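Q: Supplied in structure tokens, the structure appears directly below.
The values are calculated or read from the model by the stated rules, or taken from the named source; none is laboratory data. Here the structure is a predicted model, which means the values were calculated and not measured. All Cβ positions, glycine included, derive from the backbone under ideal geometry; neighbour counts span all protein chains shown. Each accessible area value is taken on the protein alone, full model and side chains, heavy atoms only, with ligands, DNA and RNA left out. Shrake-Rupley method; radii C 1.70, N 1.55, O 1.52, S 1.80 Å.
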Amino acid sequence: MPIVNRIAEFQPDIMAWRRDLHAHPELLYDVHRTAGFVADRLREFGCDEVVTGLGQTGVVGVIKGRKPADGRNVKAIGLRADMDALPIHEETNLPYQSKTPGKMHACGHDGHTAMLLGAARYLSETRNFAGDAVMIFQPAEEGGAGAAAMIKDGLMDRFAIDQVYGMHNIPGIPLGSFAIRPGPLMASMDKLVIKVEGKGAHAAMPHKGVDPVLAGAQLVVALQSIVSRSIDPLESAVLSICSFHAGHTSNVIPQTADMLGTVRTLKPKVRDLVEQRMKDVAAGVAQATGTRIELNYNRGYPVVVNHPDQTDFALKIATDIVGAANVDANTTPIMGAEDFAYMLEARPGAFIFMGNGDSAGLHHPAYNFNDDAIVHGSSYWVKLVEGTLAA
Ligand code: NI
């Protein structure tokens, strides 16, 4: 079973929607135009129910199959796309490039939204399934936890979702390919905010102060020993200090040094260990240097953990569409994060990667979603529904 022919017929429309969304990027929860566009299309297709304003600006479209799902284990399946863009200045020179300076669809969420709309159009037209197909369009994937906001607003219970699936395009994976694995697929994402407080002094009389720059530098180095010495070499963890600000001039030892960073892990026990060791190391450096170190370890998105049965099923559907040679069933996890993790904590399901071919990387100013991937992504969605809720 290759791509769905009817989807191929829709491709020019889906591409046009994608390019329209691309030209009008919006950030985080402020996706009013995009959400309006999505809701208008869903109503045009004849979705049985279109709900807006879930998780502030999320949109849900419910499509009922020809048959009810009475007596079945799975009565409703949720498919999720993300709608938000990034605060990046686009440098593609495409005819449909961003009309808003400093905002850009640099993660392909324009493509994700358009592909799910294409699937919604097909499913509304054919309805060759039993039960409910729930199309989920979420805001604020890029750091705002829009998935969690929609769940908090009752997404899973209100639409009685039994299983939930997500997808992300990945540059470097060939066009027409999918990649997935059971278990951890993407990392947890925690934010570090560190303040080192010393005592300011004349730079020529350091003994009269307490130098937060030296202490901060020692802290950065000491923290690197956590991943290299405290974590099992066969486990995965990233600890990056990405910002270090202190002082303003060459002859003053400043009072404070401020740092920002991130921790990524693939298992809860590794996450707990990194957090504990960071506190220990910070306390040790503070004592050794005579500074006061305030470490705020803020837990963000959890690990994206694919459920085994749904991963197997997603793998089967992807294989049906593009062939076994084009599906990686045991792809390497990546240390990037995804708030779809919250949906997989709420319901069984699976997240899959789809090839974007040889494009610039995600979050790069020259990135662009590959319109030739549309037929694969939309076909995957509709076959997932028709397979899970077979009529
Ligand atoms: Ni993304």
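Q: Can you tell which of 368, 330 is in a loop (DSSP other than H, G, I, E, B), farther than 20 Å from residue 80 by Cα and away from the ligand (no atom under 16 Å from the Cβ)?
A: Of 368, 330, the one residue that is in a loop (DSSP other than H, G, I, E, B), farther than 20 Å from residue 80 by Cα and away from the ligand (no atom under 16 Å from the Cβ) is 330.
Q: Based on what the data block shows, is residue 317 part of a strand (DSSP E or B) and buried (at least 16 other Cβ atoms within 10 Å of the Cβ)?
A: Criteria not met by residue 317.
Q: Next question. Give the residues of segment 72-99 that are of a type in the set (D, E, K, R), closer than 22 Å to residue 361 by Cβ and within 16 Å of the ligand (Cβ to nearest atom), sorted by residue number.
A: Residues satisfying the conditions are 82, 84, 90.
Q: Could you list, in sequence order, the residues of segment 345-365 that are among the hydrophobic types (A, V, I, L, M, F, W, C) and either part of a strand (DSSP E or B) or surrounded by 16 or more Cβ atoms within 10 Å (Cβ to Cβ) (or both)?
A: Hits for segment 345-365 are 346, 350, 351, 352, 353, 354, 362.
Q: Which count do you get for residues in segment 50-68 that are open to solvent by less than 10 Å² (accessible area, probe 1.4 Å) and over 20 Å from residue 141 (Cβ atoms)?
A: 2
Q: Filter segment 146-182 down to the residues that are more than 16 Å from the ligand (Cβ to nearest atom) and assigned to a strand (DSSP E or B) and list them by number.
A: The answer is 163, 164, 178.
Q: Further question on the same structure: How about segment 108-157: which of its residues are in contact (Cβ under 8 Å) with a residue 24 or more places away in the chain and among the charged types (D, E, K, R)?
A: Matches in segment 108-157: 110, 121, 125, 127, 132, 141, 142, 152, 153.
Q: Being in contact with a Ser or Thr (Cβ under 8 Å, 6 or more places away or on another chain) and either crowded, with 24+ Cβ neighbours inside 10 Å or closer than 27 Å to residue 148 by Cβ (or both) is true for just one of 40, 30. Which residue is that?
A: 30
Q: Right, residue 69: of a type in the set (A, V, I, L, M) and either at pLDDT 95 or above or within 16 Å of the ligand (Cβ to nearest atom) (or both) or not?
A: no
Q: How about segment 108-123: which of its residues are open to solvent by 10 Å² or more (accessible area, probe 1.4 Å) and either more than 17 Å from residue 17 (Cα to Cα) or assigned to a loop (DSSP other than H, G, I, E, B) (or both)?
A: Answer for segment 108-123, where residues must be open to solvent by 10 Å² or more (accessible area, probe 1.4 Å) and either more than 17 Å from residue 17 (Cα to Cα) or assigned to a loop (DSSP other than H, G, I, E, B) (or both): there is none.
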